[in-house]
Amino acid sequence: MDPDIALFERHRNRLFGLAYRMLGTPADAEDVLHDAWLRLQAQDAAALDDPEAWLVTVTTRLALDRLRRAKAEREHYAGPWLPEPLAPEAERPDAVFERDESLTLSFLLLLERLGPEERAAFLLHEVFDYGHAEAAAILGIGEDACRQRVHRARARLREGRPRFHVDETAQRRLLQRFVEAMRAPGMDTLQALFAEDAVHISDGGGVARATLHPLHGAERLARLYLQLARNMEGHGVRFETATLNGAPALFMYEGTTLSTAMWIECEGGRITAIHALRNPEKLARLLAVTKPAASASLH
């Protein structure tokens, strides 16, 4: 095998994990890796003192540039923007990513609270375990500046989610109750699923029907889903369970069309946030690599 290929493949998963956490979309992460590979080919890899550090530095800076452009583009995005899921492990056996809460879609959405520079510093230090001096060198900044970025990032993330823990058992139980409530809709039943300050966020990409702003409050969310359940009756809508980025999720099909991918956050036995990905372009990419686990049809 070509030495450059062997070097790149040896570090590919770590580089992809970094780029994906930076950008929130697998396609953009793959584009960054492609650009990093082209830059490696233009180098004399054998002359690099620390090839891994060089690759991480190049990948981080390419991802930063792409994220800055994406942030500017998203200012014109119709409604909320949600991150795109990874292909499930079963569909990508070669992709042995570090499976932790920093890969969950809810955490990736939380990272959107950060500016690009803060996000990069936080991920390098907190997720990939680089020291402040190492992270600073990767980012091309001073060590004190790196410390400040990490500190600001921690503070902003605490504001968005003081406690962040994925309880898969609780999530699966609540998703099952949600499906049951949608099959036999009632205001009280639906409202009991949601915490009083629960939020609903949907991403239609300006194409699919979706709320243009987050909706807040258990009663408001219950009314929304009560109406949706009534609209779905008799139309062959079904839910199928799935796992997205290591966390439980639901797919909603209308006929043979995947119309929504949903995931939740929960605390104290209630749903605190429900996210609905409805952008057809994002769903098409997801559908190409995903096999559902089980289904529950609505009649």
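Here, each number is a calculation from the coordinates, and none is a lab measurement. Keep in mind the model is a prediction, meaning the values are calculated, not measured. Cβ: placed from backbone, ideal geometry, glycine included. Neighbour counts: every protein chain shown.
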**Asked** So what is Rg over Rh here for the chain, counting just Cα atoms and using Kirkwood for Rh?
**Response** 1.00
**Complete:** Residues whose modelled amide H sits under 5 Å from the amide H of Ile271, counting only those 5 or more places away in sequence or on another chain, are Phe194, Ala195
**Asked** Relative to the longest principal axis of the chain, what angle (0 to 90°, nearest 10) does the C-alpha long axis of helix 143-160 take?
**Response** 0
**Message:** Test of understanding: given the chain, find the longest segment containing no GluC sites (Glu not before Pro) that are in a DSSP loop and have at most 16 other Cβ atoms within 10 Å.
**Reply:** 113-232
**Prompt:** Using Cα atoms only, what is the angle between the long axis of helix 218-232 and the major principal axis of the chain, expressed in degrees (0 to 90) to the nearest 10?
**Reply:** 70
**Fill in**
Simple spin-label estimate for Glu143/Glu281, 7 Å along Cα→Cβ, in nm, reads 4.4
**Complete:** Relative contact order in percent for the chain (Cα pairs under 8 Å, 6+ apart) equals 18
**Request:** Note the angle between two axes, namely the Cα long axis of helix 51-74 and the longest principal axis of the Cα atoms of the chain, as a number of degrees from 0 to 90, rounded to the nearest 10.
**Result:** 40
**Item:** Given charges at Cβ of Lys, Arg, Asp, Glu: the chain dipole, positive-most of Leu55, Val207, Leu108
**Value:** Val207
**Message:** Could you derive backbone 3J(HN,Hα) for the range 278-288 from the dihedral phi with the Karplus parameters 6.51, -1.76 and 1.60 (θ = phi - 60°), listing whole Hz in sequence and x where the residue is Gly or Pro?
**Reply:** 10, 4, x, 5, 5, 5, 5, 5, 5, 4, 5
